[in-house]
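Contents: one structure, followed by commentary.
Please treat every number below as a calculation from the coordinates, not as lab data. As the structure is a prediction and not an experimental result, all values here were calculated from the model. FYI the Cβ positions are ideal-geometry reconstructions off the backbone, even for glycines, and counts take in every protein chain you see.
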Amino acid sequence: MAVDETLHYRAPVWSRLRGQLAGYGFLSPWLIGFFALTFGPAVSSLYLSLTDYSLMSSPRWVGAGNYVQIAQVDPRFRAAMNVTFTYVLLSVPLKLIFALAIAVLLNKGLKGLNWFRAIFYLPSLIGGPVAIAVLWRQVFASDGIINQVLMSVFGYEGPSWIANPDTAIYTLVALAVWQFGSSMIIFLAGLRQIPQDMYEAASIDGASRTRQFFKITLPLLTPVIFFNAVILTIDAFKAFTPAFVISDGSGGPIDSTLFYTLYLYQEAFMNFRFGYASALAWVLVAIIAGFTALSFFSAKYWVHYDD
Amino acid sequence: MTDATATLSPMEAATQPKGLTRAFAYAALLAMSFVMLYPLLWMISSSFKPENQIFSTGSLIPETFTADAYRRGWNGLSVSFGWMFLNSLVISVLAVVGNLISCSMAAYAFTRLQFKGRKFWFALMLGTMMLPQHAVLIPQYLMFLNFGWVNTILPLVVPKFLAIDAFFIFLMVQFFRGIPRELDEAALMDGAGPLRIFFRIILPLSTPVLATAAVFSFIWTWDDFFAPLIYLNDIEKYTAQLGLRTFVDATAQSDWGALLAMSTLTVLPIFLLFVMFQRLLIEGVATTGMKR
């Protein structure tokens, strides 16, 4: 009987231990990844950002030196900020407006919804691989599609939009706007959540379509607009490939397409200034975090949550 | 609402005839579809035109149909594009396998297993989704350099086996939560352990989410340009994206036909996946807010 008793005593301990083992066993790939690829490197890049390091010698401590240089002296940082903010502040609202307008149009119960939805989604699914940047380079080239249309319709001889530092950035904004599809799908899903009887009640009260849009659709959709805006903003800050391909990795002409991430790439992997590039990376993290925090703070004032 | 009607202008109050609105909406959508698709269609059609006809006409239908640009492009670099497509395929398939295994394991631990620190790790996992990869990029690179992994596919593939794409964990967590717990409990009564429950119950019931994760992770890896750019140096190791970018430099825009032909080919796999899994992809975006 003593044997039975010990078994009885041991079983729960063993099963509890087994539970822990199973939990950590299944979690282990992620745990290893977390420490080796995220936590460790994050700490290490914070340290590197306070040093001067170029693979040639060991890191040399410079304290806040890199950050001071970024904030006060670096003209290319300023150029990159200019380009990136222009891009974010133009492409995000335009993309939101397009996505919302098309979603509202598609939500009218038209036939062929699935076809249109698929067609509009395709460009954003294809995303920003090199092929699309190559294509875009052609579309806005001096003998490209845009200029052909301008020539045949208005008889206007357009410039090379990509070679011109004043217009190059707008070709990239246009590319971003062309890819509004996934935001549109999220809006469509949001529009379906709005109860139909609200519109019925409103039209019985004589509210016009326009009024219904501004008084019902838009307020009820603010959580979705908020979500899309935050995600699009973060993505826009991280944009890289189109600018790289359009400018052959230079960010030109005259730094007019020098996206922040492109500048970071150049500093790290062309100039091998790993310390400085790490500092640039953390500045980007801070900017993105700041923007996100600001969005969440502002949400109180314009996002409508029904509770 | 009474006050709302009072302020309506006559214009607003007049309800438009339904047929006209409808016609207008269709016209707008059709025009929009054309604008959206034109660049892609132009790319495909130009790749089948003789070089001298690409810019002479904006027409989408080639007057003379030739696949010559494909032949020129395919062998346009010192390494055939076929080889680079194979590299891309290997990396993308391994990424899919890695993501499916590691992310489903983590999601299973987070939703179904009881262990100390579960909530803590889950919160950290959500936190990593917010952290831009630039913050960890340089030390990761230096680490892989130390391992002697630079110029191999390991830095592109191994992280996927370590659940680096936390987004997919999140996606699977959402799905696993919807699987009734009674199923695990019944299996537990029958003496099944965590491993058995994972393989016999959770995974078989999760094919929709596994398929969504697989398709997206294939497309994202196929499209990826940044990581291969940093880690792969030799042209024999290039992915299709890197090859295409090198081709842009090499042709210096003198052979647009070949460039557009190879561009079309690199987009083709994504297009095929889109045609096959359109529903799955669109639902994936609609329900999770997945981006791209």
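For the reader, a short list of remarks on this structure follows.
- Near A:Asp52, the amide H atoms lying under 5 Å from its own belong to A:Arg60, A:Trp61, A:Val62; only residues 5 or more places off or on other chains count, and H is placed 1.01 Å from N.
- Scanning residues 5 or more positions from B:Gly76 or on other chains, those with amide H under 5 Å from its amide H are B:Phe81, with H placed 1.01 Å from N in the peptide plane.
- Over 49 Å [Cα-Cα, the protein assembly as shown], rounded percent: 18
- A Förster radius of 22 Å combined with the Cβ-Cβ distance from A:Ser142 to B:Ser59 puts the calculated FRET efficiency at roughly 0.65.
- Counting only DSSP H runs of at least 4 residues, each contributing -39500 (n - 2.57), and dividing by the residue count of the protein assembly as shown, the helix-based mean residue ellipticity at 222 nm comes to -22500 deg cm²/dmol.
- Neighbours of A:Ser250, meaning other residues whose beta-carbon lies under 12 angstrom from its beta-carbon, give a summed charge of -2 when Lys and Arg score +1 and Asp and Glu score -1.
- Too-long pairs where the Cα-Cα distance tops 31 Å, listed order kept, from A:Lys300/B:Lys116; A:Lys238/B:Lys119; B:Lys119/B:Lys160; A:Lys238/B:Lys160; A:Lys108/A:Lys238; B:Lys119/B:Lys237: A:Lys300/B:Lys116; A:Lys108/A:Lys238; B:Lys119/B:Lys237
- Taking the inverse of the mean reciprocal distance over all distinct Cα pairs, the Kirkwood hydrodynamic radius of chain A comes to 23.6 Å.
- Computing FRET efficiency as 1/(1 + (r/R0)^6) for A:Trp61 and A:Asn271, where r is the C-beta to C-beta distance and R0 is 22 Å, gives about 0.65.
- Our note on the geometry: Cα centres of segment A:92-163 and segment B:82-150, 33 Å apart.
- Overall, the anisotropy analysis places chain B in the oblate class: the square-rooted eigenvalues a ≥ b ≥ c of its C-alpha gyration tensor yield a/c not less than 1.5, with a/b not exceeding b/c.
- Fewest-first ordering of A:Ile162, A:Ile119 by other beta carbons within 10 Å of each residue's beta carbon gives A:Ile119, A:Ile162.
- By other beta-carbon atoms within 10 Å, ranking B:Met143, A:Met198, B:Met84 with the fewest at the front produces A:Met198, B:Met143, B:Met84.
- For A:Ile185, A:Ile287, order by how many other beta-carbon atoms lie within 10 Å, fewest first: A:Ile287, A:Ile185
- Chain A: DSSP helices with Cα axial extent of at least 15 Å and average Kyte-Doolittle hydropathy no lower than 0.0: A:2-33, A:75-106, A:113-126, A:168-178, A:181-193, A:218-237, A:274-302
- Here B:Ala31 and A:Lys300 are evaluated by their C-beta separation; at R0 = 35 Å the FRET efficiency comes out at 0.35.
- The lysines whose alpha-carbon is closer than 20 Å to the alpha-carbon of A:Lys111, local same-chain residues fewer than 8 away aside, are B:Lys18.
- Cα gyration tensor shape of segment B:48-102, rounded if a/c is under 1.5, else prolate or oblate by comparing a/b with b/c: prolate
- Long hydrophobic helices in chain B, taken as whole DSSP H segments with a C-alpha length of 20 Å or more on their own axis and mean Kyte-Doolittle hydropathy at least 0.5: B:18-47, B:81-112, B:207-223, B:256-288.
- Proximal charge balance of B:Ile201 [Cβ under 13 Å; K/R count +1, D/E count -1]: 0
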